[in-house]
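The structure under discussion appears below in the form of structure tokens.
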Amino acid sequence: MRELVSEAEVVAASGDDDLVVWAAQGMRPGVRAWAYRDAVAVASPEASRRDRLAVRGTATQVVPLVRHALAEAGPSYRPLGDAALIQQVVEAAPELELAGHFSWMGTEKLAPPRQETTSREGAGQEGAASWLVESAAPEVAELLAAANPDSYAVPGLPRVRRWAGVRDGSGTLLAVAADAWSAPTVGLLAGVATAVPARGRGLGERVCRFVASALLAEHGRAALMVDDWNRAAVAVYERLGFARRRVAAAGLRT
């Protein structure tokens, strides 16, 4: 096993895999990484509110690497990677069990907006998406509580950096999205929510496009996590140009 001590080493070991590089978080304090033959593992504490162990490689090398990483980093870390890989790891390591399936989506370039979306934005029904001031945090929290109570990103959490939103003509906040847990070369979109009465107007897509554009300009890549059952959200992200990657998480059996 070889410990990796820099982001450049993680990039080289993983082939610049955006999920693994995101987990490295620029190798901020607390992050650790290892390589074993063709496998790489990055232990990232509180990355999107989980102690995540992002892995890549073939199962025969990932299994001993995961065991080494869990012994070094601790039992709270959850192996995360391509769904097929995690399934193979769980089958080979009886101490592990599947914790869930979801999707990682990423892009280096947004798709052009649809004509109907452009027309709607110019109609003046709601304002353009923009960054919100810090004093809007209670409004964001209220909207999330009603429209996306399971959101990992909420105002006030460490590394939830900033929020964008769309307001109506009266100033009511209708849709939000966050720049949260972004890494130097992979910005993360999170905390997406649209007020229930305002759904179907393209506001979620509007605020996501705004945040994703900013992430691409700053980090070069944008990514997000989405539940597989949330087909409406997946469709929005695909329209924006995000490519879907099925992933899974595992954890130690209790």
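Placing unit charges on the Cβ atoms of the charged side chains and taking the dipole of the chain about its Cα centre, the candidate lying farthest along the positive direction among Leu252, Met225, Trp181 is Met225. Only the Cβ atoms of Lys and Arg (+1) and of Asp and Glu (-1) were treated as charged; on that basis the dipole of the chain about its Cα centre amounts to roughly 200 debye.
Ordering 174-182, 142-150, 190-198 by mean Cβ neighbour count within 10 Å, with the highest value first, yields 174-182, 190-198, 142-150.
If you run the Gaussian network model on the chain, springs between alpha carbon atoms under 10 Å, then out of Ala222, Ala93, Ala164 the most flexible one is Ala93.
Rounded to the nearest 20, the Cβ-based charge dipole of segment 1-106 about its Cα centre (Lys and Arg +1, Asp and Glu -1) stands at 180 debye.
Count Lys and Arg as plus one, Asp and Glu as minus one, and take only other residues whose Cβ is under 11 Å from that of Asp168; the net charge is then +1.
Please state, rounded to one decimal and in Å, the Kirkwood hydrodynamic radius that segment 165-254 gives when every pair of distinct Cα atoms enters the mean of 1/r.
Taking every pair of different Cα atoms in segment 165-254, averaging 1/r and inverting gives 14.2 Å.
Shown in residue order for segment 34-48 are the 3J(HN,Hα) couplings computed by the Karplus curve 6.51 cos²θ - 1.76 cosθ + 1.60 at θ = phi - 60°: 9, 10, 9, 6, 8, 9, 9, 9, 10, 8, 10, x, 6, 8, 6 Hz (x for Gly and Pro). Subtracting the Cα-Cα distance of Ala145 and Ala232 from their residue separation scaled by 0.36 nm leaves 29.4 nm. Report, to the nearest whole %, how much of the accessible area of the chain belongs to carbon and sulfur atoms, 1.4 Å probe, protein only. On the chain, the fraction of accessible area on carbon and sulfur atoms equals 52 percent.
Summing +1 for each Lys or Arg and -1 for each Asp or Glu among the other residues whose beta-carbon sits under 13 angstrom from that of Asp51 gives +3.
Segment 12-54 and segment 191-211 have Cα centres spaced 30 Å apart.
In the full protein context, the chain carries 45 Å² of accessible surface per residue, based on a 1.4 Å probe and ignoring ligands, DNA and RNA. Only Lys, Arg, Asp and Glu carry charge here, each on its Cβ (+1 for the first two, -1 for the last two); on that basis segment 130-204 has a dipole of about 160 debye about its Cα centre.
The values are calculated or read from the model by the stated rules, or taken from the named source; none is laboratory data. No experiment lies behind these values; they were computed from the predicted model shown. Note that we place each Cβ from the backbone using ideal geometry, even for glycine, and neighbour counts take in every protein chain shown. We work out accessible area using only protein heavy atoms, side chains counted, and drop any ligands, DNA or RNA first. Shrake-Rupley method; radii C 1.70, N 1.55, O 1.52, S 1.80 Å.
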